[in-house]
Amino acid sequence: MKPIMLHGHERSITQIKYNREGDLIFSAAKDSQPNVWYSLNGERLGTFVGHNGAVWCIDCNWDTTKVLTGAADNTCKLWDCETGTQISSLKTNTAVRTNGFSYSGNLIMYTTDKTMGFPCEIYIFDIRDGSQLQTGNPMSKVPIESPMPKITSAIWGPNEEYILTGHDGGDLNQFDLKGNWIKGCKDHSGQINDIQVYKDFSMFITASTDHTARLFDMETFEPLKMFKTERPVNSASISPLHEHVVLGGGQEASLVTTTSTRIGKFDARFYHLVFEEEFGRVKGHFGPINSIAFHPDGLSYSSGGEDGYVRVHYFDQNYLDFTFEY
Amino acid sequence: MAAGRHDSESRKSRESESHIDDEDIEEEEEEQPSFSDPEDFFDDVTDEDLLHDILKKKPKPSDSVDSVIIVDCIPKVGKDRLEKLKNVIKKIFSKFGAVVNAFYPLDEEGTTKGYMFLEFSSPQNAHEAVKMTNGYKLDKTHIFKVNHFSDFEKYVNIPEEWTPPEPKEYEDLGNLRNWLMNKECYDQFSVIYGEGEKTAIFLNTPEPTKVEERARWTETYVRWSPQGTYLATFHQKGIALWGGPGFTRIMKFGHQGVQLIDFSPCERYLVTFSPLQDSHDDPQAIIIWDILSGVKKRGFHCESRSTWPIFKWNHNGDFFARIGEDAISIYETPTAGGMVKTIEADGVAKTVRACGVVKTVGAGDVAKTVGAGGVAKTVGACGVAKTIGAGGVVETNGIGGVMETIRACGVIESIGARGVGKKIVAGSVFDVFGVCGAVDISGAGGIAKATKANGLTKSAEGGRLAKKAGAGGEAEKAGVDCVAKTTWAGGMAKSVEHSATVSGSFLLAMSHVRFELICTSQRPVCFKLIFTSQRHVHHLWWEISLGINVWVASKDFTSSSFGLKDKKSLKITAVRDFTWSPTDNILAYWVPEQSNTPARVTLVEIPSRKELCVRNLFNVADCRMHWQKSGDHLCVKVDRYKAKKVESKDQVKYSGIYYNFELFRIREKQIPVDKVEEKEQVLAFAWEPVGNKFAYIHGEAPRISVTFYKIHPNGGKVELFKTLEKKAANHLFWSPNGQFIVLAGLRSMNGVLEFVDTQDMTIMNQTEHFMATDVEWDPTGRYVVSAVSWWGHKVDNGYWLWNFQGVPQHRQPLEKFCQLQWRPRPPSLLDESKVKEIRKNFKTWAQRFEMEDSTRKQTASKDLMDKRRMLMEAFREYRSRKEREFAEQKQIRLDLRLGVDTDELHNQEDNFTEETIEFLVKVEEKIVEE
């Protein structure tokens, strides 16, 4: 089926997310206005106006009442989802790279970049406590000190017990809410661009510039599967419906101008979760895919690319019928 | 510091001496602190640590000695004429540098002793002086003998007795051709990847299997020898050769900064080139090595700027040639023409292969070992060395000894029976054998007997002989080469389905005498006996096939090892380029136009230097010679011009270039020549390696065509076969067996590949390997590899494997992949009749292969299914465990989300409120007629 093209951003997409029900898609881009769309028909519901720089990350809570955005203008903003009004703006020293709501939606976390002499840090706030938001004094703050490389992606663990971080050098680490380091591992050899959890939080998939995506067990960090490509992987998502994963990536944006789209390999690539075998590709973007996500019902998926488009794909019947022989 | 301490110590001792004298005074004075070391003190600081900078400046005897030369044979003169002599000497030697010191030893009467010493300011000057003035003729009676003073001792101390060099211990490297032993005839290929960090050897099974992988095996790239026996790796210090079952290092060749190498086609010699390290009197730029012994055979300078390989080998490695100013220099290797060479130095026969079957030995080694007093050594192509016989055997027993020796191995019977070796002296030689440990005569004899009993051909069948020989452990020691080769042949026989081909060779060498036995099933059995006395080599040769042909030759040969053939180059004024025929000793060269004479292409037979054919050509800008692989045809691509403008001495501008192909039919009388004209620019040319077609690419982009011509086997008519128009191709790759060709548009043409069957000119597949930089056929013509090398393109590196029809077999992306090379195969042992027979029974073969293929496919897919099932089971188990855990934590989740169950996407239907949204789909206006 022809994909729905969401054309509302002027610059490259940095992150897209479905809400829990999957009726809305949130998109952040390097322009300063995150958007929210109806996933069914691609109509734009609205924008969040207020940032003054590239928005690197976006998330919404489980009942779709609040939205969290982090940007290069050194702020992390909390929005009311329904009205699009800003509830709070948290000032940081450097750009906000990644953020997220906890399972209950009561806690938020975000991480900042290591630039201009400031270290990379994890912040955790309790948004029920108004004073924390007003004063900007977090519930806990974790500086990431060398030799640990900076955080490039982070998510909440199950039942908001801990935070899982992916780092520049390919490390994975786990911190509790007080900021204590619990454990870590290093299976990737390149920056971890994205981490996405399986619907029941038992597994997660990482996407790395080392041309692979890996599936890990949440509890033990044991690497379960590996999906290989020939290009940096920017994002990966696990289907909630089938044993499938989808990978998005492509040649680094800085090198794209010198190569044709064919050589960049900007396809979304589908792999079998268990067999690690590729079974399908979807073309379309004319730049690398920066973020990719399955709809929570697993019947469609969306990808956001360096080309500034979000493409919403509903699967054909033959995808749903397709099975591996074994 | 050490010196300082010595001083203080000596002062101390002096003080203590005085202390004894003035004992009373001392006592009244204050007690002095003691500076001497405690008794158990051990000085562990060496002078080297303390004064290394000063010690460095310590004069060495060689510093000055190297600048001193001895001039002998100067006139003996009295006091009165000494000054004059000094002046003469000074005049001669001062031009090489400042003479620091001159010493004329005089006897009691003041007469010079006929020699003198000269010291120069530097060793370089002394060196130059020795080189230039040694042999200087002052007058009739005085010819200078000039030597380095430092050499003096060396020359004086030469022992009277020559001690033989120690024979190298034989090292079993295994069967160097064991890679040919796999039943399915899979080929191997080498792959360099990871920016050159890693080198791996793969076997081309349906899913390529890794045979060997090593990190930093080579510093630049690797090369296979022409028959695939060796893998050469490049290092800063030289070349290393690897081979055998485990890719063990077989030999290394030290050549600092080596950049390029070339093997002789027979794999006996290696040519290496390094731009460093060349000196005027010791050529080091190009070195020719003997592969089996690792000995440097000859060095050459590299003045010419011609392209590599500078030395071109003829088809069997007997000759190698290079182009020089107005000449082609042809050199010969000791194997040339089945001749026997002697080394005058030790007066021993240095051998030698005859009749092109046996691959012997670093001949030099043999000679030395033989000369060494009777330890004979055989070294075979398989690198097997073997000691048989011992000193004195020959002197005492002469030929008979040899006969006996051979008889001991059980081979001689045939010769004995023919009455050649009548003087058989038993006993002693047997003992000698015993001493050498080759006692298991019966083992060796077993081979011979089997050979004799079953007839040569039969004995080879199914590798039975090999097994036998291999089984008799000791036999290996006696008849090594035979065993090794037979094993190999047996392997080959297997792989070509009992082709009953065996080549075995047996080689014996003894002091002053050599015996060589060469036997192959397809060829007559040859026995060759060579014995030498000083400079004469008597060369005897028996050929025994079914009947007896005896051919005896006796000749005198003189030494010429790696020297110029016939001691002079082939003088050809202004010669531009030459090539060897790939199958015959024919050399083709071309000469451009000179004033009045037209350009010409000449074919010369070597070594007779007889001109076989001369072709004059007019208006020639350039020529390119292309030999067909089977040596039947030569094509000379001639670039011709309509107008020429001489701009300066070296700059000539041609205009209106058009092209001719001059086609020489070598196999026919007088070598007739045909001509094909082409107006468009020719981009590539290639002969069908086996067959009679050739193809070339012509035209200007984007209108590029590929044209095929065919030469009729009878009558030699050349006719246009087919032109394929509008192709994206810049390279032609014929299958090594002909018929199939890949037209490739590499690099700038994006990697377009087209597989063509030239039998009926069908295009089997048109495809693309994006940005491919290389295409390589496997040695059997079954598979083709297209590759994107990191050297040519930085992304998407890897190689794709196709079959000859262009059906993709395997795609292998590989990080920073650099180079893929197929391991070449030695020439097939099947003769033409066998090949014909196989062709005839092709259907039965095909049936069998298809069956094998389908069973393999079935097992492969079954394996895959099994693997998947296993993975799935493991995963299911993991999931069920996780799901249980998930269910257990339900209460925690409910608490966190205010009691709302969000575990399933649609299980809170009551939470939804239905809303009806109306979309305006279309507005239509219709005029309703009234």
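The values are calculated or read from the model by the stated rules, or taken from the named source; none is laboratory data. Only a predicted model underlies this, so the values are computations on that prediction, with no experimental measurement involved. Please note: Cβ atoms are built from the backbone with ideal geometry, for glycine as well, and neighbour counts cover all protein chains shown. Protein only, heavy atoms only, side chains kept; ligands, DNA and RNA dropped before computing areas. Shrake-Rupley method; radii C 1.70, N 1.55, O 1.52, S 1.80 Å.
Points worth noting:
- Qualifying residue in region A:106-118 (condition: within 14 Å of chain B (Cβ to nearest Cβ) and part of a loop (DSSP other than H, G, I, E, B)): yes
- Test: residue in region B:67-74 that is more than 17 Å from B:I143 (Cα to Cα) and either not assigned by TED's automatic domain parsing to the domain that holds B:K145 or not aliphatic (A, V, I, L, M) (or both): yes
- Hits in region A:223-237 (condition: surrounded by fewer than 23 Cβ atoms within 10 Å (Cβ to Cβ) and either in contact with a helix residue (DSSP H, G or I) (Cβ under 7 Å, 6 or more places away or on another chain) or more than 10 Å from every other protein chain (Cβ to nearest Cβ) (or both)): A:P223, A:M226, A:P232
- For B:K926, the criteria (1) part of a helix (DSSP H, G or I); (2) open to solvent by 100 Å² or more (accessible area, probe 1.4 Å); (3) more than 13 Å from chain A (Cβ to nearest Cβ) hold in every case but one, which is (1).
- Residue within region B:708-715 that is closer than 13 Å to B:L743 by Cα and part of a strand (DSSP E or B) present: yes
- Number of the exception - B:F562 against (1) open to solvent by 30 Å² or more (accessible area, probe 1.4 Å); (2) modelled with pLDDT under 85: (1)
- Those strands (runs of 3 or more DSSP E) lying entirely in region B:741-841 with at least 1 residues open to solvent by less than 20 Å² (accessible area, probe 1.4 Å) and more than 14 Å from chain A (Cβ to nearest Cβ): B:752-757, B:774-777, B:783-788, B:798-803, B:819-822
- Residues satisfying the stated conditions in region B:885-905, i.e. facing chain A (nearest Cβ under 8 Å) and assigned to a helix (DSSP H, G or I): B:E885, B:F886, B:I892, B:R893, B:L896
- Selection status of B:K637, without any contact (Cβ under 8 Å) to a residue 40 or more places away in the chain, of a type in the set (K, R) and in a strand (DSSP E or B): no
- Residues in region A:170-194 that are assigned to a loop (DSSP other than H, G, I, E, B) and within 15 Å of A:T206 (Cβ to Cβ): A:G170, A:D187, A:H188, A:S189, A:G190, A:Q191.
- Restricting attention to region A:196-205, the residues being within 19 Å of A:M109 (Cα to Cα) and open to solvent by less than 10 Å² (accessible area, probe 1.4 Å) number 1.
- Any hit, region B:716-733, residues being assigned by TED's automatic domain parsing to the domain that holds B:T762, on the phi < 0 side of the Ramachandran plot, modelled with pLDDT under 85 and outside any strand (DSSP E or B): yes
- Members of region B:866-884 found to be more than 58 Å from the chain's Cα centre (by Cα) and at the interface with another protein chain (Cβ under 7 Å from one of its Cβ atoms), listed by number: B:K882
- Where B:S861 falls short, out of the listed (1) more than 10 Å from chain A (Cβ to nearest Cβ); (2) in a helix (DSSP H, G or I); (3) of a type outside the set (A, V, I, L, M); (4) closer than 30 Å to B:N765 by Cβ: (1)
- Residue within region A:204-219 that is assigned to a strand (DSSP E or B), closer than 20 Å to A:G298 by Cβ and of a type in the set (F, W, Y) present: yes
- All of A:S189, A:S202, A:S140 fail the test of being more than 27 Å from B:K882 (Cβ to Cβ) and within 14 Å of chain B (Cβ to nearest Cβ), apart from A:S189.
- Taking residues in region B:709-723 that are free of Cβ contacts under 8 Å to residues at least 12 places away in the same chain, and partners anywhere that are surrounded by 16 or more Cβ atoms within 10 Å (Cβ to Cβ) and in a strand (DSSP E or B), the pairs with Cβ atoms closer than 6 Å and at least 6 places apart or on different chains are B:E719/B:K710.
- Failed condition for A:R97, given (1) within 14 Å of chain B (Cβ to nearest Cβ); (2) open to solvent by 40 Å² or more (accessible area, probe 1.4 Å); (3) under 16 Å from the mean Cα position of the chain (by Cα): (1)
- Residue satisfying condition, being among the hydrophobic types (A, V, I, L, M, F, W, C) and assigned to a strand (DSSP E or B), within set A:F324, A:F279, A:F275: A:F279
- Criterion: farther than 14 Å from A:F125 by Cα, touching a Lys or Arg at 6+ places or on another chain (Cβ under 6 Å), open to solvent by 40 Å² or more (accessible area, probe 1.4 Å) and assigned to a strand (DSSP E or B) - qualifying residue of A:W37, A:W56: A:W56
- Within region B:885-904, the set of residues being within 17 Å of A:P240 (Cα to Cα) and open to solvent by 70 Å² or more (accessible area, probe 1.4 Å) comprises B:E904 only.
Quick grid of which residues meet (1) modelled with pLDDT of 85 or more; (2) open to solvent by less than 40 Å² (accessible area, probe 1.4 Å); (3) basic (K, R); (4) within 19 Å of B:P598 (Cα to Cα):
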residue	(1), (2), (3), (4)
B:A643	no, no, no, yes
B:Y654	no, no, no, yes
B:I657	yes, no, no, yes
B:F661	yes, yes, no, yes
B:E678	yes, yes, no, no
B:F685	yes, yes, no, no
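- If the condition is being within 14 Å of chain B (Cβ to nearest Cβ), at negative phi, within 16 Å of the chain's Cα centre (by Cα) and in a loop (DSSP other than H, G, I, E, B), then region A:1-34 contributes A:N19, A:R20.
- Flag for B:A744 being small (G, A, S), at pLDDT 90 or above and within 30 Å of B:E611 (Cβ to Cβ): no
- In this entry, B:E850 passes the filter for residues that are under 29 Å from A:Y326 (Cα atoms) and more than 10 Å from chain A (Cβ to nearest Cβ).
- Residues in region A:270-299 that are of a type in the set (S, T, Y) and more than 17 Å from the chain's Cα centre (by Cα): A:Y271 only.
- All positions within region B:623-634 that are surrounded by 20 or more Cβ atoms within 10 Å (Cβ to Cβ) and not in a strand (DSSP E or B): B:Q628, B:D632
- Within region A:156-186, the residues that satisfy the criterion of being more than 14 Å from chain B (Cβ to nearest Cβ), open to solvent by less than 40 Å² (accessible area, probe 1.4 Å) and of a type in the set (S, T, N, Q) are A:T165, A:N173, A:Q174.
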